[in-house]
Amino acid sequence: MKIGAVLIGTLLISFGSKAQNWDYNEDVDSSKVTYTINYINTKKVDDLLIKKRRIEQTSKKVSIFRVQIYSGSRQGSNETLRKFKNKFPGIPVETSYEQPYFKTKVAACRSKLEGHKVLLKVKKVFRDAFIFEEKVGLEKL
């Protein structure tokens, strides 16, 4: 008796509800529908792009490859800096702050191949080291 009531109730609910509501019109041919795109203030966008190119051309920045050996707290960065200077006295090293981390970076190579040579030496001591490309001003080199 209970099973029959449950079965009838389920059938009534399922017939009364719709699984999907399609809003599809077969009379409209989708290949003939046209859309328009309106461009707003393209002159201003072009002006901004020109300014950006001009700034990039006048800035004295160069792409270099560096090896990052640490990223974290100030104390950890300073310890890594001291350890690196003791192990590799001939390779330049610096610590910088890029919010929210202090980063210890070494070398400044012109090519990725030179950077990989440094990386191979450094990875023996600092296993998490990796190479990356950075843009720096000529005055920093």
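With coordinates expressed along the principal axes, the C-alpha atoms belonging to segment 58-140 extend over 38, 29, 19 Å, beginning with the largest. Look at Thr104, Thr80 and count the other Cβ atoms within 10 Å of each Cβ; fewest to most, that gives Thr80, Thr104. Cross-link pairs exceeding 24 Å in C-alpha to C-alpha distance, out of Lys60/Lys87; Lys103/Lys135; Lys83/Lys135, comprise Lys60/Lys87; Lys83/Lys135. So which trypsin sites (Lys or Arg not before Pro) in segment 83-138 end up in coil per DSSP with only 16 or fewer other C-beta atoms within 10 Å? Qualifying residues, ordered by number: Arg110, Lys124, Arg127. Maximal additional length on extending the Lys61-Lys43 stretch stands at 3.6 nm, based on 0.36 nm per residue less the C-alpha distance.
For Phe130, the shell of other residues with beta-carbons less than 13 Å away shows a net charge of +3, using +1 for Lys and Arg and -1 for Asp and Glu. Pairs from the table (Lys85/Lys123; Lys61/Lys123; Lys85/Lys124) lying more than 19 angstrom apart at Cα are Lys61/Lys123. DSSP loop (so not H, G, I, E, B), at most 12 other Cβ within 10 Å: list which chymotrypsin sites (Phe, Trp or Tyr not before Pro) in segment 23-122 pass both filters. Within segment 23-122, the qualifying chymotrypsin sites (Phe, Trp or Tyr not before Pro) (loop, at most 12 other Cβ atoms within 10 Å) are Tyr24, Tyr35, Tyr39.
Every number here is computed from the coordinates shown, using simple stated rules; none is lab data. A quick note: this is a predicted structure, and the numbers were derived from the prediction, not measured. Positions of Cβ are backbone-derived with ideal geometry, glycine not excepted, and every protein chain shown enters the neighbour counts.
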